[in-house]
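All remarks here apply to the structure that follows.
The values are calculated or read from the model by the stated rules, or taken from the named source; none is laboratory data. The structure displayed is predicted, hence computed values, not measured ones. Please note: Cβ atoms are built from the backbone with ideal geometry, for glycine as well, and neighbour counts cover all protein chains shown. Just the protein is used for accessible areas: all its heavy atoms, side chains included, with ligands, DNA and RNA removed. Shrake-Rupley method; radii C 1.70, N 1.55, O 1.52, S 1.80 Å.
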Amino acid sequence: MIPFGLTIATIIALMLWGAEYLSQAALGFGLGWFLVLFVAGWALQLRGHVYEGRKPALVDKLFQVFVAPIFLAAEVFFALGYKPALHEEVQRRALQLRAQAGVASAAGSLKSA
């Protein structure tokens, strides 16, 4: 769990550094970058949810907005081969919870998690 925490802390620190820079910039420059990053972020998120065939979890539970960065870091770490046994357990548990909730795991239905 420490690598996840360090990764998230590093990403947040970089984002804060960038936000500080933009907050000191001219209004037009800062606002322009805000709009670009905001629109691009939402476009990437929606593209990802269409790809996975599910609507965003935060539609049903706003608290998910705080969990999402940790989830993303975990997915990246697992994709890079970090702790395969843990990854398998997480996948097994997620499938079990989806089955209990009656949520389809197949892509294309846009059901929430």
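Couple of notes before you dig in:
- Helical segments meeting 27 Å axial Cα length and Kyte-Doolittle -1.0 threshold in the chain (DSSP H): 2-24, 27-52
- Prolate/oblate/rounded call for the chain, Cα gyration tensor, a/c under 1.5 rounded: oblate
- Arg98 versus Leu35: modelled label distance in nm, points set 7 Å from Cα along the beta carbon direction: 3.8 nm
- Cα shape, region 1-59, gyration tensor, a/c 1.5 rule: oblate
- Loop-located chymotrypsin sites (Phe, Trp or Tyr not before Pro) in region 37-83 (DSSP state not H, G, I, E or B) with no more than 16 neighbouring Cβ atoms inside 10 Å: Phe63, Tyr82.
- Of all accessible heavy-atom area on the chain, the percent that carbon and sulfur account for (1.4 Å): 74 percent
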